[in-house]
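Below: one structure, written as structure tokens.
Every number here is computed from the coordinates shown, using simple stated rules; none is lab data. Treat the numbers as computed from the prediction; the structure is a model and nothing was measured. For neighbour counting, all protein chains shown are included, and Cβ atoms are generated from backbone atoms with ideal geometry for every residue, glycine included.
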Amino acid sequence: MKYRFEDFVLDTDCAELQGPDGLVRLEGRVFDLLALLVANHQRLLSKDEIVDEIWQGRAISDATISTAIKDARRAIGDDGNAQRLIRTQHGRGFRFVGTVGYDAPAQAEPPRAEQSTADPDGPTQGTRPSIAILPFRIIGIIPEVSAIAEAIPTELISSLARLRWLRIVARGSSFRFHSVSADPAAVGQTLSVGYCLTGSVEISGRRVAIMVELVDTRTGDIVWAERFEAPLDEVHAIRADIVHHVVAALELHIPLHEAERARLATPASMDSWSTYHLGLQHMYRFNRADNEIAAHHLQRATELDPNFARAFAARSFTSFQNAFQKLVSDPQQEIANARRFAERALELDPIDPFCNFVHGRAQWLVGDPDEGQHWLDRAVLLSPNFAQGFYARGWTDAIAGRAHEALENVSTSIHLSPLDPFLYAMQSVRGIALMQTGDLDEAALWADMGARAPGAHHLIALVAGVAHKLNGDLDKANYWAARVRDRRADTTTADFFRAFDLKSEPFRRDVIDALSDLGF
């Protein structure tokens, strides 16, 4: 994209600023800052938004931002006194106030024949996943809901900006395209993104339907799509719910799609992000063999990029699984690794919700879940759509005997991510909480669902056995006890309480009696 203002041309594709006297040399972050301001010239950018976009959310001093703004102004013949082009609004942020024109991309131009030999991955290979959210198409204009076509994408941009692993194109750039006519390939090439999210708002009678579609711009493939419906007079009430669902879905489907792409890459061409996503695919299978494969890929990712916070967080995750399920002969070493990798992840990126999540969970391994609560609270504060963070809070509450709080948190996690890799654990924790409230029929139902879900390990099956025993269904309780022994014949009561160190003494005694009756 080429932006034009006064005698300057800012070319984001070539990362160049041409002035009246030729090329203006700029340090990389100063160019990125100027491009961000110019692309969003129609609105004010807060300091937080600038830090998120330019410095990926790292802790940056006001002096660093001021220096970058000063350098950007100097490059275009502006200064802090005149503020002819870049204006400071004290306490609020910065805005580019010059008149901006731009050269629109030639979306209708077909690919040239010689492009067939080019890199099929386009400009996004070797970088973290990236996405552009386009304004939605309106089908059937009704004034009271027409604003939602821009409101939902705007809220999605704001929410997705909190995800540390995904690069989000600013609204000022992505809103120059339109869902009705945008070619995904043109969006990908112009904005250097691997994905775009489009949508439509359709009014029929007194109902509204909102359709969203996630597209891989490199191939044109639809990765995920969903349809939401509501009465017309409730559309604004469910807007936040739609945003939550979409953000949670992207957290799930983009990593899965990236992992599938990584599987097709040759080992020599795999960068740190590809290796990381391939590791995630194995990490969420929750068994010994896949966990070993995941650990290998994730170690390689951190070797390729020693500053890759999320890869260190994922290494903590795999070490946690090894220790929690006793998948290795030396769980104590894995406990130490889980904490060490989590601490390193937080050093690299203290405001990534996943890094805070694994650091909080690492405290479970030393029998101190309350110590980890602070980090889990931070995870959901940083990303209110982070389903796994709500699950972990619910787990901590259930272990501590706070059953009603556990139910609220786990219900939120299931609502946000009904297809989550942790679904089995969410359902099982709900069962544990319901046992403590005395709703034994419901507890047995949820514990049973958790034990049957993909990824559920032997201790989850043991939770189902306990739930059915407390509910008086000995046949089902014995069924799950047998399944536990089939998978891990050496399972003991001590193993159960090492994983689920229940703090409520009455409930703990009930579980001990149930396990004893089942032969553990």
Antiparallel bridges, percent of DSSP beta bridges restricted to region 122-262 (to nearest 5): 70
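Arranged by the count of other C-beta atoms within 10 angstrom, fewest first, what order do 74, 167 take? Walk me through the numbers on the way to the answer.
On the way: 74 14, 167 20.
So the ranking, lowest neighbour count to highest, is 74, 167.
Two decimals, Cα atoms only, Kirkwood Rh: what is Rg/Rh over region 265-370? Provide the component values of the computation, followed by the final result.
Working: Rg = 13.1 Å, Rh = 13.5 Å.
Using Cα coordinates only, the ratio equals 0.97.
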Cβ crowding within 10 Å averaged over residues, with 302-315, 83-96 ranked highest first: 302-315, 83-96
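In the P(r) worked out for region 366-469, what percent of Cα pairs fall beyond 16 Å?
On the way: 2845 of 5356 pairs.
Result for the distance tail: 53 percent.
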The chain: angle of helix 28-39 to the longest principal axis, Cα-based, in degrees nearest 10: 80
Region 444-520 versus region 184-240: alpha-carbon centroid distance in Å: 43
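Computed over the Cα atoms of region 122-262, what is the convex hull's projected area averaged over all directions, in nm²?
Details: hull surface 31.2 nm².
Projected area, direction-averaged: 7.8 nm².
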Amide H contacts of residue 130 (H built 1.01 Å from N, under 5 Å, at least 5 apart or other chain): 167, 194, 195
Calculated log₁₀ intensity ratio I(q)/I(0) where the Debye formula runs over C-alpha points of region 3-68, q = 0.15, 0.24, 0.25 Å⁻¹: -0.50, -1.10, -1.15
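Do me a favour and compute the ellipsoid semi-axes for region 316-424 from its Cα gyration tensor, root of five times each eigenvalue, largest one first, whole Å. Walk me through the numbers before you get to the answer.
Values: eigenvalues 93, 52, 33 Å².
Over the Cα atoms of region 316-424, the semi-axes work out to 22, 16, 13 Å.
For the residues 283, 426, 211, what sequence is obtained by ranking on other C-beta atoms within 10 Å, fewest first?
Numbers: 283 23, 426 29, 211 18.
Arranged by neighbour count, lowest to highest, 283, 426, 211 become 211, 283, 426.
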Phi-based couplings in Hz for region 491-497 (Karplus 6.51, -1.76, 1.60; Gly and Pro marked x): 5, 10, 4, 4, 4, 4, 7
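Assuming R0 = 45 Å, what is the FRET efficiency of residue 147 and residue 330, from their Cβ-Cβ distance, to the nearest 0.05? Before the final figure, lay out the partial values.
Numbers: r = 58 Å, r/R0 = 1.30.
Efficiency, rounded to the nearest 0.05: 0.15.
Calculated from DSSP H runs of 4 or more alone, at -39500 (n - 2.57) each and per residue, what is the 222 nm mean residue ellipticity of the chain, nearest 500?
Numbers: 22 runs with 278 residues, N = 520.
It comes out at -17000 deg cm²/dmol, rounded to the nearest 500.
Take the alpha carbon atoms of region 421-520, find their radius of gyration, then divide it by 2.2 N^0.38 Å using N residues; give the quotient. Walk me through the intermediate numbers first.
Values: Rg = 11.8 Å, N = 100, 2.2 N^0.38 = 12.7 Å.
Cα Rg divided by the expected 2.2 N^0.38 Å: 0.93.
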